[in-house]
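Q: Here it is, the structure in full.
The values are calculated or read from the model by the stated rules, or taken from the named source; none is laboratory data. Since the model is a prediction, treat every value here as computed from it, not as a measurement. Ideal geometry is used to build each Cβ from the backbone, glycine not excepted, and the neighbour counts take in all protein chains shown.
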Amino acid sequence: MKPVTKKQGHLDGLCGVYAIVNAFSEVGLKSSEDIFREACKSLSPNRWPKTLWEGTTMRDLEVMIKSCIDELKISDVVVRYPFRSQQPLSDSQFWLEFDDLFSERRKSKCAIIGFEEPSLHWLVAKPKGMSILFIDSDGFRGRSHISREEIYAGRRRSNGQEYRMDRKDVILFERLN
């Protein structure tokens, strides 16, 4: 039997850290190593190194992103949490509002989204027609894009979609310059 090659994410919970690095890179920042170091360094001692095997939470991501912006003096990227206080009420409403986030200056934006099914995973996403383009450290099951019909944005499984994400787990990055 041929051994299975492990990739990032198989044995560690660093998809959130990689999503941050990939999001900043997607909006044009080239300091990936500095962002990776700062993100890891910013986690509190009670979260590190447990993050390696437990994964990152939305709060971890917030702390890491803020630290990267503050400590690396990133002034030309705005980060927002558009659905934190008021989530869209349905899957269809989520996709309308997600698209609206990208209605202007599309090329200077990307979002980190959090999947719950088929497994817990953070990755970078952008709308691309009726699909979602993924920029991911683990190649998200070998797919670079997935049609919206395959993704359910909500707390419960609906209509047999293979992929499910939480509507509030969206972090928007926008490069101003």
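Q: Being without any contact (Cβ under 8 Å) to a residue 60 or more places away in the chain and in contact with a helix residue (DSSP H, G or I) (Cβ under 9 Å, 6 or more places away or on another chain) is the filter here, so list the residues in the stretch 112-127 that pass it.
A: Ile113, Gly114, Phe115, Pro118, Ala125, Pro127
Q: If you scan the stretch 36-81, which residues turn out to be out of contact with any strand residue (DSSP E or B) (no Cβ under 8 Å at 6 or more places or on another chain) and of a type in the set (Ser, Thr, Tyr)?
A: Ser42, Ser44, Thr51, Thr57, Ser67, Ser75
Q: Do the conditions hold for Glu149, that is, is it buried (at least 16 other Cβ atoms within 10 Å of the Cβ), at negative phi and among the charged types (D, E, K, R)?
A: Here the answer is no, as Glu149 does not meet what is asked.
Q: Every residue in the stretch 19-56 that is among the hydroxyl-bearing types (Ser, Thr, Tyr) and at pLDDT below 95, please.
A: Ser25, Ser31, Ser32, Ser44, Thr51, Thr56
Q: Pairs, please: C-beta under 7 Å, at least 6 apart or cross-chain, first residue within 9 Å of Ile112 (Cα to Cα) and in the stretch 17-28, second assigned to a helix (DSSP H, G or I) and not aliphatic (A, V, I, L, M)?
A: From residues that are within 9 Å of Ile112 (Cα to Cα), the pairs are Ile20/Cys68.
Q: Only one of (1) closer than 20 Å to Asp169 by Cβ; (2) out of contact with any Cys (no Cβ under 7 Å at 6 or more places or on another chain) is not met by Val27, so which one is it?
A: Of everything listed in (1) closer than 20 Å to Asp169 by Cβ; (2) out of contact with any Cys (no Cβ under 7 Å at 6 or more places or on another chain), Val27 misses just condition (2).
Q: Report, by residue number, each residue of the stretch 125-145 that is in contact with a Leu (Cβ under 9 Å, 6 or more places away or on another chain) and at pLDDT 85 or above.
A: Of everything in the stretch 125-145, those that are in contact with a Leu (Cβ under 9 Å, 6 or more places away or on another chain) and at pLDDT 85 or above turn out to be Ala125, Lys126, Pro127, Phe134, Ile135.
Q: Same structure, new question: Only residues in the stretch 94-107 that are touching a residue at least 12 places away in the same chain (Cβ under 8 Å) count as the first member; pair them with residues that are part of a helix (DSSP H, G or I) and charged (D, E, K, R), Cβ under 8 angstrom, at least 6 apart or cross-chain, and list the lot.
A: Matching pairs, first to second residue: Trp95/Arg148.
Q: Sticking with this structure for a sec: Just for the stretch 46-71: of the residues that are among the β-branched types (Val, Ile, Thr) and out of contact with any Leu (no Cβ under 9 Å at 6 or more places or on another chain), which one is nearest to Tyr18 (Cα to Cα)?
A: Ranking the qualifying residues of the stretch 46-71, first place goes to Ile65.
Q: Let me ask another. Having 3 or more residues that are surrounded by 18 or more Cβ atoms within 10 Å (Cβ to Cβ) is the bar; report the strands (runs of 3 or more DSSP E) wholly within the stretch 40-132 that clear it.
A: 109-117, 121-128
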